[in-house]
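The values are calculated or read from the model by the stated rules, or taken from the named source; none is laboratory data. No experiment lies behind these values; they were computed from the predicted model shown. In this analysis, Cβ positions are derived from the backbone assuming ideal geometry, glycine residues included, and neighbour counts consider all displayed protein chains. Ligands, DNA and RNA are stripped out before the accessible areas are found, and what is left, the full protein with its side chains, is counted by its heavy atoms. Shrake-Rupley method; radii C 1.70, N 1.55, O 1.52, S 1.80 Å.
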Amino acid sequence: MLSKNQIKRIKSLELKKNREREGLFVAEGPKTVSCLMAAGSPRAIVATESWYVDNGVTPRQADSVVTEDELRKASFLQHPQQVIGIFDIPAADAGPEVCASELCLALDRVQDPGNLGTIIRVADWFGVSTIFCSNDTVDAFSPKVVQATMGSIAHVKIVYTDIVNLIDSLPADVPTYATALGGDDIYRQELSANGLLVMGNEGSGVSLEVMSRVKKSLLIPSYSLSGGIDSLNVAIATAVACAEFKRRLG
């Protein structure tokens, strides 16, 4: 049985201010919750009896066994998926020094939750362990973003920071890149195994202030025969760029 107060608490975590105050976020669905549980113990689980049985999990005092109807009342999804988990927001403990040894992503004002969730999933796929987000990028621990990551948020460090200050704090020998329509063809440029790759806002791209500090501007060229498309979705562009960086390592 799920009380009204429990439902209210879960629903309250839809708001960023409440997530920040409590240091908690919500994840839903067997895949996402299982990935996060493998990385750390949840504060609480709300799930159907079948989920507990199928996953060999014994409910703790903080957990709840609920019906599908009860789960629906607490869920952020149109079609709830057996389980809701409440987890601690992990500490953002990665600093700029990580860019000296591996390739990192930086996101400048990315606003769409689906895009951010997909980018986190892309980073996980290509072995990018750290994403630096500008302070005005959408919150990575909102329910929509967490859902879009399909569990990859358990494997990638998300750090919110000032991107300009981040680039300025990097050692001079650390490569920095950004994608831009006026850049040089990514397939014809020398790319490194370490450094920082900046991806920009869905509508306006990387800001001029950030771009002025980046050492190399990269273009993902279009091969369209129609000429009717002028840019790629930022999540797709991130996947293409990461694939090319990682391909060079082979």
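Miscellaneous remarks
- 5 angstrom amide H check on THR176, placed H, neighbours 5+ away: LEU196, LYS215, LYS216
- For TYR160, nonlocal amide neighbours, meaning residues 5 or more places apart or on other chains whose placed amide H falls under 5 Å from its own, are CYS133.
- In this structure, the amide hydrogen of THR48, modeled 1.01 Å from its nitrogen in the peptide plane, lies closer than 5 angstrom to those of VAL66, counting only residues at least 5 positions away or on a different chain.
- Neighbours of SER134, meaning other residues whose beta-carbon lies under 10 angstrom from its beta-carbon, give a summed charge of -2 when Lys and Arg score +1 and Asp and Glu score -1.
- Accessible surface for the chain, divided over its residues, is 50 Å² per residue with a 1.4 Å probe.
- Note on the chain: dipole from Cβ charges, positive end direction compared against GLY227, MET1, PRO96; the farthest Cα belongs to MET1.
- Solvent accessible area, Å² - GLU28, 1.4 Å probe, full protein context: 10
- Solvent-accessible area of THR238 with every protein chain in place, 1.4 Å probe, in Å² to the nearest 10: 0
- In the chain, Cα pairs under 8 Å separated by at least six residues give a relative contact order of 20 percent.
- Rounded, prolate or oblate (a/c below 1.5 giving rounded, otherwise prolate when a/b exceeds b/c) for segment 1-61 by Cα gyration tensor: oblate
- Accessible surface of MET37 - all protein chains present, 1.4 Å probe, nearest 10 Å²: 60
- Within straight-line cross-link reach of LYS157, lysines at Cα separation under 21 Å, skipping those fewer than 8 residues along the same chain: LYS16, LYS17, LYS31, LYS144, LYS246
- For chymotrypsin sites (Phe, Trp or Tyr not before Pro), the sites in segment 150-239 that DSSP calls loop and that have at most 10 other Cβ atoms within 10 Å are TYR223.
- Using the Cβ-Cβ distance between ASN55 and ARG247 with R0 set to 35 Å, the FRET efficiency from 1/(1 + (r/R0)^6) comes to roughly 0.40.
- Förster radius 22 Å - calculated FRET efficiency between GLN111 and GLU14 (Cβ-Cβ, nearest 0.05): 0.80
- Accessible surface of segment 8-166, 1.4 Å probe, proportion on carbon and sulfur as whole %: 51
- Each distinct pair of alpha carbons in the chain adds a 1/r term; the inverse of their mean, the Kirkwood radius, is 19.3 Å.
- Computed on the Cα atoms alone, the convex hull of segment 99-206 gives a volume of 102 cubic angstrom per residue.
- Helical mean residue ellipticity (222 nm; -39500 (n - 2.57) per DSSP H run of 4+; nearest 500) of the chain: -9500 deg cm²/dmol
- Cα centre as origin, Lys/Arg/Asp/Glu Cβ charges: the chain dipole, Debye: 460
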